[in-house]
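Just so it is clear, none of the values below were taken in a lab; they were calculated from the coordinates. Being a predicted model, the structure only gives us computed values, none of them experimental. Note that we place each Cβ from the backbone using ideal geometry, even for glycine, and neighbour counts take in every protein chain shown.
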Amino acid sequence: MSDIPRLEDLELRLGGLSGKRIFVRTDFNVPLVFVDDGTVVITDDFRIRAALPTIEWLTERGANVVCASHLGRPFADGWTEPNPKYSMGPVQARLAELAPDVELLENLRFDAGETGNSDEFVAQLIAGSDGKSIDGYVNDAFGASHRSHASIVGPPQHVPAAMGRLLEKEVQVLLGLRNKPKHPFVAVLGGAKVSDKLGVIGALLEIVDEIIIGGAMCFTFFAAQGKPVGASLHEPDQIDVCKALLAKAAELGKTIHLPDDITGVDAQGNFAQFGSRLGEGSIGYDIGPGSAAAFTDVIMDARMVFWNGPMGMFEDERFESGTRTVAQAMAETKAFTVVGGGDSAAALAKFCLDDEVDHVSTGGGASLELLENGDLPGLEALRNSQN
């Protein structure tokens, strides 16, 4: 990480920051609730507050800070023009309360050139919305740094650039897991789709001692073991890959823990408990209590734990127990604990345990990709920037 410029390097390169216009790519992709009367409410401003150390460091040195972020997917659901409900207005109002006099651009994804990494859009960002070009660039958007989008990889090619405090902390913690693990090192993976995590499972098998797998992704592993999964969500086209991962774990002497019991509904839609074999029409929505207890034991014996993905459909109180139990184990273990953003972070917040772990990442996909590859497009761009 020493080859990535820091804020101090940017200050030195620019000969001071007073009066300099600094473009800060933030990740203000906050969760929103859309009320029937048209009001948009931010339900969690954590990502805005997480950027304040960088913003304040720059403004204290006299920099004119221009922040920019994406928000949601404004072209989803068939929209040919950007959906105005994803305007940055509510975010700007909250940012003005926390960091007055800091400018915030409109949603970057309102321009298709952002996701398309268009040279023209990069040129617009550098030139500035009011004709005042930027003097330097800071990437503090860890949650978007795994994407080769215009605002992530474009500006460093043209102006001096650096990583912000948030990005620096994320990289330090996650590369610490990858490069200097403490054993036993346990990875806890959940979520719906195993295909989203196949690469990271393979990479983690090289560095962890044990992997716990819950969520709907466990059913594809069940199918790979020849177990019936009923009507549970699984990915038949990934069964052979799961077989290969189980074989790789055995070859390396590593353990992949799968649930021994499942909570869900039977073919009639009634709440039910199953073993690891589900009958026709049955659907699993959570790991069972026995598996939650077994997974807790593994977590409590670890010295380092990384968790990404819930153990079940925790948004429904009937199926929150597995995720809650794992979250409590993460809070109570003496291991160094890292939660990889996304739904896992949302679960911690729901159970009021987000302050009880060592590090909550602001990027789910980015944390997985950094653990898998050891680098991200956003980091590479900074490394090769005009410094």
Take every Cα pair under 8 Å in the chain that's 6+ residues apart, average their separations, divide by the length, and report that relative contact order as a whole percent. 17
Share, in percent, of DSSP beta bridges within the range 7-164 that are antiparallel, nearest 5: 20
Counting only DSSP beta bridges with both partners in the range 207-313, the antiparallel fraction in percent, to the nearest 5, comes to 65
Please compute the Kirkwood hydrodynamic radius of the range 181-373 from all pairs of different C-alpha atoms, in Å with one decimal. 16.3
Please identify which residues in the range 169-196 have an amide N closer than 16 Å to a label point set 7 Å out from the Cα of Asp355, following the Cα→Cβ vector. none
Nearest 10 degrees is fine. How inclined is helix 89-98 to the longest principal axis of the chain, computing both from alpha carbons? 80
Taking only Cα atoms, what is the 0 to 90° angle, nearest 10, from helix 321-332's long axis to the longest principal axis of the chain? 60
To the nearest 10 degrees, how steep is helix 165-179 against the longest Cα principal axis of the chain, on a 0 to 90 scale? 40
Here the tail fraction of P(r) beyond 17 Å, over all Cα-Cα pairs of the range 1-142, rounds in percent to 63
Sequence-distant aspartates and glutamates (8 or more away, or on other chains) whose Cα lies within less than 15 Å of Lys254: Glu206, Asp209, Glu210
Antiparallel DSSP beta bridges within the chain, percent to nearest 5: 25
Eigenvalues of the Cα gyration tensor times 5, then square-rooted: what semi-axes does that give for the chain, in whole angstrom, largest first? 40, 23, 19
Extension reserve of the Asp3-Glu315 stretch, reckoned as 0.36 nm per residue once the Cα distance is removed: 108.2 nm
Which value at 222 nm does the chain reach when only helices count, each DSSP H run of 4 or more adding -39,500 (n - 2.57), with the total divided by all residues and rounded to the nearest 500 deg cm²/dmol? -10000 deg cm²/dmol
Show which lysines lie in cross-link reach of Lys248 when reach means a straight Cα distance below 24 angstrom and same-chain residues fewer than eight apart are skipped. Lys180, Lys182, Lys193, Lys197, Lys227
Sites Glu332 and Thr255, calculated FRET efficiency, Cβ-Cβ separation with R0 30 Å, nearest 0.05: 0.90
Could you run the Karplus curve 6.51 cos²θ - 1.76 cosθ + 1.60 with θ = phi - 60° over the range 14-22 and give me ³J(HN,Hα) per residue in whole Hz, x for Gly and Pro? 8, x, x, 10, 4, x, 7, 8, 10
For Lys132, list the lysines whose Cα falls under 18 Å from its own Cα; do not include residues on the same chain fewer than 8 positions away. Lys20
